[in-house]
Structure formats: structure tokens, C-alpha cells
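In what follows, a single structure is set out as C-alpha cells and then discussed.
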Amino acid sequence: MSDLSPIEKIKKASDGLRGTIQESLQDEITGAISEDDQALLKFHGMYQQDDRDRREERAEKKLERLYSFMIRLRLPGGFLLPEQWIATHHIAGENSTGVIKITTRQTLQLHGLIKANIKPTIQAFSEARLDSIATCGDINRNVICAAHPMQSPIHATVHAYAKKISEMLMPKTRAYYEIWLGEEKLADKKDEEDPLYQDRYLPRKFKIAIGIPPNNDIDVLGNDVGLIAIIENNELKGFNIAIGGGLSTTHGNPATYARLASVIGFAAGEETVLKAVYAIATIQRDFGNRSDRKLARLKYTVDRHGLAWFKEEVERRIGLALEKPRPYTFTDRKDYYGWEKNEEGLWYYTPFIENGRILDDEKVAMKSALLEVAKTGKANFRFTGNQNLILADINPKDKAAIDKILQKYKIIEHTDTASVIRKNSIACVAFNTCPLALAEAQRYLPSLITKIEPLLNKHGLGDEDIIIRMTGCPNGCGRSYIAEIGFVGTAYGHYNLHLGGDHEGTRLNKIYKENLDEAAILDELDNVFAIFKKERKAGENFGDFTFRKFFAAAGK
Ligand code: SRM
Ligand code: SF4
């Protein structure tokens with residue numbers, strides 16, 4: 001027991017994730033909750049944060065930090081009805097900063113909730129049939145899925161797996177309903193028994209993604225479990241199962257590393273696929289590292305025991321052998337901006353939303369536009385893993401009305417005129433809310449791109465399809481480690497520059513230069529763009545070129 005990490009003990013002693021959250025909420029002396037409850041609150045989909053821009057000022061005035069909470073919704077496959085969008089719009093305006101943030105895992109976050117507003121927020125979401133259960137914490141997170149229904153005629157069949165898996169891996173405790181929604185405590189504890197999570201949950205967060213080749217828009221291999229849909233003649237044959245993806249490292253800790261998931265086999269039929277996913281979660285529960293949280297993700301369990309052992313253990317637990325992986329190819333991982341039509345003749349509009357931040361600002365009134373679209377009731381809202389949304393499933397007869405709203409708010413112009421590199425960008429949240437940020441990301445990448453665009457144009461590369469991503473620390477929330485140009489924050493104003501990831505999300509990049517400030521970043525990129533322009537092979541992508549030129553040739 002002594003060797004367990006403190007969080008393990010908190011989970012076990014938590015009485016089904018209840019802890020003393022109720023008492024913490026009632027404590028009016030502080031805007032915070034107790035430390036143990038902070039760990040438990042994550043399982044309910046919330047994080048305690050504070051305004052990092054105001055830490056110094058508050059300390060000088062001898063005031064406690066300006067605490068608030070971030071809430072993250074559970075939206076398997078990233079889907080909302082228009083009325084749910086309207087509810088979210090109002091909840092954000094009334095209870096949080098008002099900005100709605102689309103995350104890299106196809107869901108929404110609201111920031112800046114004060115303690116007293118948490119319950120009303122969850123209750124309002126509940127009225128809209130939305131919850132935040134298990135979107136954080138050591139548990140299965142929001143299950144993500146290839147976003148665009150145009151990706152396949154059987155997108156809906158594949159997409160349905162996200163919900164099924166999410167529901168299968170939900171915790172059994174009623175704590176969320178009791179604490180936030182006033183449900184009576186169950187008389188019989190047996191009804192809460194949880195064969196999957198027991199009283200210890202998983203050793204660490206657990207992420208599942210479902211990809212539909214050829215577009216790898218959700219970076220399927222960056223997940224603990226990646227299901228790759230194998231579709232032949234418009235029929236879902238099953239899924240290749242990949243395990244052990246994870247994109248976080250810790251500066252100065254060589255035992256940590258980013259890893260792409262490895263395909264271990266193919267499973268056909270819903271029952272077998274679900275059983276295999278469940279089995280993988282139980283193996284991680286039983287064999288994951290519970291003493292060092294830095295080494296607790298599935299990727300380390302897989303590497304410690306070996307892929308062959310892991311595969312056999314899955315097969316033992318499901319009682320049958322996985323088939324040989326089926327061939328598949330990824331060619332891209334972009335969002336399909338603008339208007340697109342699917343096989344059934346329904347229309348989809350994908351606007352460009354920089355870093356997933358939905359608000360009305362000096363550039364564009366995105367939030368007002370989306371509210372007006374939602375109010376028509378004619379478009380569903382689908383979120384992408386690239387922090388965008390798709391106004392979806394629009395009947396041909398309603399397209400003109402939606403288009404008119406998009407024109408009125410200049411959303412179409414905003415989307416069409418954004419540069420290719422900007423539309424291929426992702427930045428994590430970082431300052432001012434993320435407690436782990438070492439450097440800026442979403443508040444900084446847009447202005448850095450404004451300086452990178454002229455460099456690309458200078459070398460005649462303005463239309464080059466380059467994937468660029470920034471994270472404010474090495475945790476990798478913006479998936480920088482699989483970008484063609486990746487920035488990883490090292491200190492305020494400084495970043496490691498990573499190059500050499502491929503276009504399809506199947507190769508990790510590598511550190512090209514360390515700890516650069518803005519001037520050095522621009523110098524390095526100017527130089528690399530010049531070499532790329534001069535030496536690239538016909539049709540060679542930027543990521544493939546930089547990998548060949550700077551790493552493969554040197555045997556790195
Ligand atoms: Fe993340 C922690 C934001 C996707 C790896 N992530 C955090 C926290 C909660 C900071 C904290 O622990 O207190 C950040 C909250 C910032 C804020 O103020 O909102 C945070 N992560 C995000 C989001 C919002 C980034 C974004 O701008 O979109 C993404 C929310 C996804 C979601 O809806 O669930 C987000 N995080 C990711 C991803 C990308 C992905 O899953 O595709 C990764 C890398 C993939 C992976 O998990 O390996 C990621 N986040 C982490 C880690 C490192 C985990 C590890 O294995 O060590 C942490 C830190 C931790 O867990 O200790 C972290
Ligand atoms: Fe925060 Fe780091 Fe994640 Fe960015 S990558 S949101 S800075 S934890």
C-alpha cells in the first residue's frame with residue numbers, strides 16, 4: 001500500500017468518488033475546494049484552476065488566488081442537437097467566461113465558473129440532457145470518432161460505437177447524480193458495484209478514438225486505444241485494434257516518451273469489438289503502474305510487458321483470437337472546410353474556428369452566428385478533433401437559409417480567407433487557466449502564424465498543406481508531437497521546435513531545436529522553408545522532407 005501514489009489512496013477512500021465534495025462546496029471561506037476533493041472532482045468532469053495572470057497581484061494584496069472551475073462535457077463522437085447548443089450558449093454566458101472552447105477531443109469546455117455556480121451549471125446542462133461524467137480523471141474519457149459524415153456512407157454506423165463504448169465504460173457510482181443533481185443516496189450499495197473500475201478506477205486517464213481511413217482527423221494513433229474502421233463495399237467489416245498511444249512527455253525525465261499506438265489485430269462484430277475494448281481497460285486496471293503517475297499510462301504498461309503478451313492477455317480475457325490486422329491507409333487528417341454534401345444528400349458547413357475558441361471578437365462574431373444557426377433548428381453541431389465544428393445534417397431545402405446567416409456574419413469570408421497553415425493549426429489552452437502551462441499557446445499561436453505566413457509566401461509556399469501545432473508544456477494536449485511543425489513550451493516565451501511528423505499522423509516528430517524564442521523560431525523556419533523549397537522531391541510533404549533531411553539522413 002505504501003508504494004501507491006497519493007491519488008490511489010484518495011480514490012479508494014472516496015466512497016464512490018464522493019469524498020467531501022459536498023462539504024467543500026459549502027465552505028464559503030474559500031473559493032477553492034480541498035485538495036483531495038480536487039482530485040475527485042476531475043471524475044465529475046471539472047478542474048479547479050486559478051487566473052494565472054492575476055497570481056502576483058493577488059499575492060501582493062495578500063488575497064487567495066482567484067479560483068474558478070473548468071467544466072468539460074461528455075460528448076461521445078462530438079455531437080449536439082441545435083437546442084443543446086442554445087442551452088450551452090446561455091449556460092456559458094450566465095455562468096462562465098462566456099467563451100465556449102472546442103477541445104482536441106471533440107467536446108466543449110467552459111472556464112471561469114465560480115464555486116457557487118457549479119451546481120446550477122450542471123443542473124442546466126442536465127436539463128439539456130448533457131453531462132460531464134468521466135471527462136477527466138483516471139477513467140475512460142470522451143470517446144472520439146472521425147467527425148465528418150461525408151467520410152463514409154456508413155459513418156453513422158461507425159459513429160454509434162463512440163456512444164456504445166462511452167456507455168460501456170461509464171462508472172457505476174451515482175455520486176454525480178447525488179452531489180450535483182440532488183438524487184437520493186441508494187439504500188443498497190450493491191447497486192453501485194463496479195466490476196470494471198472497482199474502488200480504484202484506472203491507474204491513469206484512458207483514451208479511445210475511432211478512425212475512418214483515409215482521413216485520420218482524430219489522430220487515432222495518439223490514443224490508448226485506437227479503433228480503425230475497416231470498410232469494404234460500404235460495409236463495416238470490423239476494426240483494427242491499436243493500443244498504447246500517448247503523447248505526453250516530461251521535460252528532463254527520460255523515462256517518459258510519446259508513443260503512437262501499435263495495431264495488435266482485427267476484430268469483427270460489435271460484441272467482440274466491445275469485449276476487446278473492455279478487456280484492454282481491465283488489463284490496464286490490473287497491470288498499470290499505480291505508484292508513479294508519470295509512468296502510468298497504457299503505453300508504459302504495453303512496453304513493460306510487450307505487445308505479444310498484451311495481445312495474448314486480451315485474447316485470453318475475451319476467449320478468442322484476434323484476426324490478422326487488415327490493410328488500411330491514411331492520406332490526410334484535415335477538416336473539410338466550407339460546404340460539403342454526404343452520400344444521402346445532406347449538407348455540412350465547416351467554419352474555421354481558431355483554436356476552437358467560440359466568442360464574438362473584433363475579427364468575427366462566431367458565437368452570435370452559431371446561435372442564430374442553432375435557433376433555426378435546421379443544423380446539428382458536430383465537433384472535430386481539430387478544434388472545429390461542423391454545422392451538420394442540413395436538409396437541401398434549408399441550406400440557403402443557413403448560408404444566408406453565415407454570409408451575414410461573414411463566417412464564409414472568414415473561413416475562405418484564412419491561410420492554409422492557419423486552418424491546419426491547433427493550440428492547447430495553456431495560460432491563463434491551465435495550471436501546468438510553461439508557455440502561452442492559444443493566446444500566442446495566432447500571432448506567431450501571422451509572422452510565419454509571410455515567410456511561407458516569401459518562399460512560394462503559401463498554399464503548402466503544413467500541419468502546425470503548439471502546446472504550452474510537454475503534456476501534448478494540442479498533439480504537437482504528431483505535427484509537421486510542433487512547438488512545445490519550455491519556459492515563458494520559449495519553445496522546443498519539433499519537425500518531421502508526417503502528414504497523416506503515423507509518425508512522431510523529433511526535436512529540431514530547443515528552447516527558442518520568437519526571433520529564433522522565425523529564423524529557423526525561414527531557413528528550413530528555404531531548404532524545403534530548394535531540395536524537396538516532387539510532391540513531397542513538408543513533414544516527410546524535414547524527416548528525411550534532418551533526421552533520417554543522420555540516422556536519428
Ligand atoms: Fe490535456 C492535462 C487541456 C487534450 C494530455 N489538459 C490537461 C489540463 C486538464 C491541465 C491539468 O491537468 O490541470 C488542461 C486544462 C487546460 C484548461 O485550462 O482548459 C488540459 N487537454 C486539454 C484540452 C482542453 C486542450 C485543448 O486546447 O483542446 C484537451 C481536452 C480534451 C478533452 O476534451 O478531453 C486536451 N490532453 C489532451 C491530449 C490530446 C488528445 O487526447 O488527443 C493529450 C495528449 C494525448 C495523451 O493523453 O497522451 C493531453 N493533458 C494531457 C496530459 C498528459 C497526460 C500524460 O499521459 O502524462 C495532462 C497532464 C496530466 O494528466 O497529468 C493534461
Ligand atoms: Fe496545459 Fe500543457 Fe495541456 Fe497545454 S499542453 S493545456 S499547457 S497541460
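The values are calculated or read from the model by the stated rules, or taken from the named source; none is laboratory data. These figures come from a predicted structure and were not determined experimentally. Positions of Cβ are generated from backbone atoms using ideal geometry, with glycine treated the same way; all protein chains shown enter the neighbour counts.
The single residue among ASP416, ASP502 that is more than 16 Å from ligand 1 (Cβ to nearest atom) and under 30 Å from ILE228 (Cα atoms) turns out to be ASP502.
Being at pLDDT 95 or above, of a type in the set (Phe, Trp, Tyr), in contact with a helix residue (DSSP H, G or I) (Cβ under 8 Å, 6 or more places away or on another chain) and away from ligand 1 (no atom under 16 Å from the Cβ) is a condition met by at least one residue of region 303-311. Taking the criterion of being among the polar types (S, T, N, Q), touching a strand residue (DSSP E or B) at 6+ places or on another chain (Cβ under 9 Å) and not in a strand (DSSP E or B), the residues of region 235-284 that qualify are THR249, THR272, GLN284. Quick check on my filter: what residues within region 82-102 are closer than 21 Å to SER68 by Cα, among the charged types (D, E, K, R) and surrounded by fewer than 19 Cβ atoms within 10 Å (Cβ to Cβ)? Within region 82-102, just GLU94 meets the criteria. Considered as a group, the residues in region 466-492 that are assigned to a loop (DSSP other than H, G, I, E, B) and under 17 Å from VAL220 (Cα atoms) include one that is farthest from ligand 1 (Cβ to nearest atom), and that residue is GLU484.
The number of residues in region 224-254 being without any contact (Cβ under 8 Å) to a residue 40 or more places away in the chain, away from ligand 2 (no atom under 16 Å from the Cβ) and either under 19 Å from SER480 (Cα atoms) or within 20 Å of the chain's Cα centre (by Cα) (or both) comes to 3. Residues in region 112-128 that are more than 19 Å from LEU371 (Cβ to Cβ) and either outside any loop (DSSP other than H, G, I, E, B) or in contact with a helix residue (DSSP H, G or I) (Cβ under 8 Å, 6 or more places away or on another chain) (or both): how many? So the answer is 11.
Looking only at residues in region 350-365 that are touching a helix residue (DSSP H, G or I) at 6+ places or on another chain (Cβ under 8 Å) and touching a residue at least 60 places away in the same chain (Cβ under 8 Å), the one that is surrounded by the fewest Cβ atoms within 10 Å (Cβ to Cβ) is LEU359. Restricting region 129-167 to residues that are assigned to a helix (DSSP H, G or I) and of a type in the set (S, T, N, Q) leaves a set whose member that is farthest from ligand 1 (Cβ to nearest atom) is THR157. Condition (residue is in contact with a Lys or Arg (Cβ under 6 Å, 6 or more places away or on another chain), among the charged types (D, E, K, R) and assigned to a helix (DSSP H, G or I)) applied to region 390-411: is it met by at least one residue? Within region 390-411 (the criterion being in contact with a Lys or Arg (Cβ under 6 Å, 6 or more places away or on another chain), among the charged types (D, E, K, R) and assigned to a helix (DSSP H, G or I)), the answer is yes, since at least one residue qualifies.
Quick grid of which residues meet (1) more than 24 Å from the chain's Cα centre (by Cα); (2) within 13 Å of ligand 1 (Cβ to nearest atom); (3) surrounded by fewer than 22 Cβ atoms within 10 Å (Cβ to Cβ):
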residue: ILE10; (1), (2), (3): yes, no, yes
residue: GLY19; (1), (2), (3): yes, no, no
residue: GLY31; (1), (2), (3): yes, no, yes
residue: LEU41; (1), (2), (3): no, yes, no
residue: ASP50; (1), (2), (3): no, yes, yes
residue: ARG58; (1), (2), (3): yes, no, yes
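Could you go through region 366-387 and let me know if any residue there is assigned to a loop (DSSP other than H, G, I, E, B), more than 16 Å from ligand 2 (Cβ to nearest atom), more than 17 Å from the chain's Cα centre (by Cα) and buried (at least 22 other Cβ atoms within 10 Å of the Cβ). The answer is yes; a qualifying residue exists.
For first residues located in region 141-160 and over 18 Å from TRP347 (Cβ atoms), partners that are in a helix (DSSP H, G or I) and lie 6+ apart or on another chain with Cβ distances below 6 Å form the pairs VAL143/ALA162; VAL143/ILE165; VAL143/SER166; CYS145/HIS159; CYS145/ALA162. Within region 222-241, restricting attention to residues that are surrounded by fewer than 24 Cβ atoms within 10 Å (Cβ to Cβ) and touching a Gly at 6+ places or on another chain (Cβ under 8 Å), the residue that is nearest to PRO149 (Cα to Cα) is ILE230. Looking only at residues that are surrounded by fewer than 20 Cβ atoms within 10 Å (Cβ to Cβ) and in a helix (DSSP H, G or I) in region 434-447, which one is nearest to ligand 2 (Cβ to nearest atom)? It comes out as PRO446. Screening the candidates ASN386, ASN424 for the property of being within 16 Å of ligand 1 (Cβ to nearest atom), modelled with pLDDT of 95 or more and more than 22 Å from ALA92 (Cα to Cα) yields one hit, ASN424.
Against the list (1) within 11 Å of ligand 2 (Cβ to nearest atom); (2) within 16 Å of GLU518 (Cβ to Cβ), the condition THR450 fails is (1). Exactly one residue out of TYR201, TYR161, TYR177 is aromatic (Phe, Trp, Tyr), surrounded by 23 or more Cβ atoms within 10 Å (Cβ to Cβ) and closer than 20 Å to LYS42 by Cβ, and it is TYR201.
From the list ARG507, ARG479, the one residue that fits, being of a type in the set (Lys, Arg), within 12 Å of ligand 2 (Cβ to nearest atom) and farther than 16 Å from ASN527 by Cα, is ARG479.
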